[in-house]
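What follows is a single structure, written as structure tokens, with notes after it.
Taken together, the values in this text are just the output of simple stated rules run on the coordinates, not laboratory data. Model, not experiment: these values are computed from the prediction. Every residue, glycine among them, receives a Cβ derived from its backbone with ideal geometry; neighbour counts consider all protein chains shown.
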Number of protein chains: 2
Amino acid sequence: MKHELTIGLAGLGLIGGSIAQALRNRSDKYRIIAWDRDSKTLEKALSDRAIDIAVTSELTEFQACDMVFLCVPVYAMKTVLEMLMPHLRPDCVITDVGSTKGDVSRIMAEAGVSDKYIGGHPLAGSEKSGYQAAKANLFENAYYVITADESTPEHRKQLLKSVIRDLRAIPLEMTPEEHDRVTAAISHVPHVVASLLVNLVKRLDGPEEYMKTIAAGGFKDITRIASSSPELWTGICLSNREKVLQTLAVLEEHLSEFCSMLQQGDKEKLTDFFRTARVYRNSFADMQKSIIQRDFDIVVDVEDKPGIIATIATALAQKGINIKNIGIVHSRENEEGALEIRFEDQESMNAGMETLRALGYGVKARV
Amino acid sequence: MKHELTIGLAGLGLIGGSIAQALRNRSDKYRIIAWDRDSKTLEKALSDRAIDIAVTSELTEFQACDMVFLCVPVYAMKTVLEMLMPHLRPDCVITDVGSTKGDVSRIMAEAGVSDKYIGGHPLAGSEKSGYQAAKANLFENAYYVITADESTPEHRKQLLKSVIRDLRAIPLEMTPEEHDRVTAAISHVPHVVASLLVNLVKRLDGPEEYMKTIAAGGFKDITRIASSSPELWTGICLSNREKVLQTLAVLEEHLSEFCSMLQQGDKEKLTDFFRTARVYRNSFADMQKSIIQRDFDIVVDVEDKPGIIATIATALAQKGINIKNIGIVHSRENEEGALEIRFEDQESMNAGMETLRALGYGVKARV
């Protein structure tokens, strides 16, 4: 059978493995060649039929590739690129999936492959890692940033975008500089701040540990990401050092402005400060697209009575529709309870809504 | 019938209404007299049988009270106290439920009732407000801070603690100063920081709104509390101004230390910073008591197969056990999926565990 495109994957972890599985789901359009330093992972991927060819040391197979994804950490990028380069065709598109883009672009420029390289960063992930955590729907409805400059040939960008759409992700183009500035503000700095808040409590708490004892819901929520891998986040901050420092400088400035307002007891300015934040934060909900890992949730109008969860779950199970979660929810607007159901995917969600409507329930998709 | 204690409630909102309902559940031990500026609320509470006597303008009924709870916002505390004072017996214990304690203690001192006053702050709440949101189990397993100084008579503290235990809450004694320092660090400053992060993104985002578009899960979590009431949080920050400013000063100091580490590219210190935060943050999970609103969750070992949710929900419904939520969960430790079920209370949870064990399922309570 003739495949349309041959894809090379260097690294079969969470991201590389998920790319293989997602592209394999697009019928026989793709032929997938994979390298990983771990031969057991390659064997597993072969037996899953997620990849067609496994390569350990003999890299000549990569000559067949139309596009190569470097799915290794930023610190390993240079080594893996040098290992593969002698085997890549001149027209092969090189892309990566690293968390920062300025650093990787510089590595590619130094290796003299800027014209072949387009940066990539799928904004999807999991707290898990490794091939065993990979899944075909990891990228579904997620943004996938690609970074290019004016010199990047248009047909190469288009080719990468078409592959990204086959992963069911949404390509979003920006410069490496823009990417790193954006992720500094919405990801890297919030991580630093969460860790700062935790360390602040550690420092300020007394021997009675009152703070730790009563650390309330809000504090646990805002600091949850402080539990992430220290090594990973040190790497990210160092790799995006300049942008993270610039963003922290603006935060410092805002923080001291807030302190002045509070010092002066300026009620009006303080209310403005909190109100501006609330209005802007609430506007995120309007951007349905901003939900990285889109959830397939519906809300069903039901009376909150014993057995209602069993009744609805059974009705769906009888139609063979699987659900991920079902529970009573209470909204912020003092509404009565309603039943919320989360499905695996769009298809189950549609089937579920149809089934429940046929039974006379009021149903709507949750935005 | 002889009641053991007569309790006065000034204000029947979320907290006042929940105190009434919770004490009413302790059989006939309590006689409850309530005042509220809204006569409809009083009527509703009377018809719910949550209170025994409703008072609008004629406050002489409060002479019968052994203890009075001031359940009004901090800014209304002085007025309501002055209105009630002429009607209170000299031995009546006065307490409140305000979010800050230094300010309220000063109001009480100025009114010359320091010897009768013990401060209170139940660390339980809801994003909802008003009597219609009140519920008898609001305080279940929550910490309830009481603030007293050396001059506070021991028997008054003991009386308040016994009432708090009847609310099913856990009394925790500290000074007003300690309370305000602790809540500044674990509640007030995190709220300010969440709003700062949101306003930072608003300021730094470009016309393409890339940041808003891809605001990731982590960012949405850490900034969720920025959606709280601007007026409420302005009031809290002003009322606890000194402690909030002191805590923000330490945060500023830590922030600039972090910036130096990053500027210098000190990998070891950066990893230490993130690791310290992770270890300390993870230690919160060990403190089961730190869960303010305790959830009654169990984990059931099941295969993740279609219809399993319906099967389990039906088994519980047949025994008349109501559930709040049921869903497949995946833990961080790469375990297989398991089913998590949330119950309303301890009793349903115990009955649920028994039922599922009898059916041969492996079941454990989730900490």
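Quick look at the numbers
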read-out: Relative contact order [Cα under 8 Å, 6+ residues apart], the range B:5-174, whole percent; value: 24
read-out: Cα gyration tensor shape for the range A:115-155, rounded if a/c is under 1.5, else prolate or oblate; value: prolate
read-out: Copy-to-copy label separations for A:Met83, where each label sits 7 Å from Cα toward Cβ, in nm and ascending; value: 7.6
read-out: Rounded to 5, the percent of DSSP beta bridges in chain B classed as antiparallel; value: 45
read-out: Compactness index (Cα Rg / 2.2 N^0.38 Å), the protein assembly as shown; value: 1.08
read-out: Projected area averaged over orientations for the range A:179-288, convex hull of C-alpha atoms, nm²; value: 9.1
read-out: Diffusion constant of chain A at 4 °C, which comes from Stokes-Einstein with the Kirkwood Cα-pair radius and 1.567 mPa s, µm²/s; value: 55
read-out: Taking chain A and dividing mean pair separation by its residue count, relative contact order in percent (alpha carbons under 8 Å, at least six apart); value: 12
read-out: Table column - 3J(HN,Hα) (Hz), the range A:262-279, Karplus curve with 6.51, -1.76, 1.60, x for Gly and Pro; value: 6, 4, 7, x, 7, 4, 5, 5, 5, 4, 4, 4, 5, 5, 4, 5, 5, 4
read-out: Estimated inter-spin distance, B:Glu43 and A:Asp149, nm [label 7 Å along Cα→Cβ]; value: 7.4
read-out: Amide H partners (placed H, <5 Å) of B:Val68, local residues excluded; value: B:Gly8, B:Val93, B:Ile94, B:Thr95
read-out: Inter-copy separations for B:Glu354, label at 7 Å along Cα-Cβ, nm, ascending; value: 4.4
read-out: 5 angstrom amide H check on A:Val145, placed H, neighbours 5+ away; value: A:His121, A:Leu123, A:Leu172
read-out: Sum of -39500 (n - 2.57) over DSSP H runs of 4+, divided by residues of the protein assembly as shown (222 nm, nearest 500); value: -13000 deg cm²/dmol
read-out: For the range B:193-201, 3J(HN,Hα) per residue [Karplus equation, 6.51 cos²θ - 1.76 cosθ + 1.60, θ = phi - 60°, Hz, x = Gly/Pro]; value: 5, 4, 5, 4, 5, 5, 5, 4, 5
read-out: Cβ-based charge dipole, chain B, positive-most Cα from B:Ala277, B:Ala124, B:Ala109; value: B:Ala124
read-out: Partner aspartates and glutamates for B:Lys269 [C-alpha distance under 20 Å; skip if fewer than 8 residues away on the same chain]; value: A:Glu231, A:Glu242, B:Glu252, B:Glu253, B:Glu257
read-out: Per-residue average of Cβ from other chains inside 10 Å of A:242-254; value: 4
read-out: Neighbour-count ranking [beta-carbon atoms within 10 angstrom, fewest first] of A:His254, B:His191, A:His121, A:His155; value: A:His155, A:His254, B:His191, A:His121
read-out: Label spacing, shortest first and in nm, from B:Asp115 to its equivalents in the remaining copies (7 angstrom along Cα→Cβ); value: 9.3
read-out: For the range A:179-288: relative contact order, % (alpha-carbon pairs under 8 angstrom, 6 or more apart); value: 34
read-out: Anisotropy class of the range B:5-174 from Cα gyration tensor, a/c 1.5 cut; value: rounded
read-out: Those lysines that a straight Cα-Cα span of less than 26 Å connects to A:Lys44, excepting residues fewer than 8 apart in one chain; value: A:Lys2, A:Lys29, A:Lys128, A:Lys135, B:Lys305
read-out: Hz values of 3J(HN,Hα) by residue in the range B:248-259 - Karplus curve (6.51, -1.76, 1.60), Gly and Pro given as x; value: 5, 5, 5, 4, 4, 5, 4, 4, 6, 4, 4, 4
read-out: Distance histogram in 5 Å bins (all Cα pairs of the range A:163-228, percent per bin); value: 4, 14, 16, 16, 12, 11, 9, 7, 5, 4, 1, 0
read-out: Candidate lysines - alpha carbon under 21 Å from B:Lys212, same-chain residues fewer than 8 apart omitted; value: A:Lys101, A:Lys243, A:Lys289, B:Lys202, B:Lys220
read-out: Fewest-first ranking of A:Arg49, A:Arg342, using other Cβ atoms within 10 Å as the exposure measure; value: A:Arg49, A:Arg342
read-out: Selected from A:Asn282, A:Asn25, A:Asn240 as most flexible by GNM, with chain A as the system and alpha-carbon contacts under 10 Å; value: A:Asn282
read-out: Label-to-label distance, nm, for residues given as A:Glu344 and B:Glu347 (7 Å Cα→Cβ offset); value: 3.9
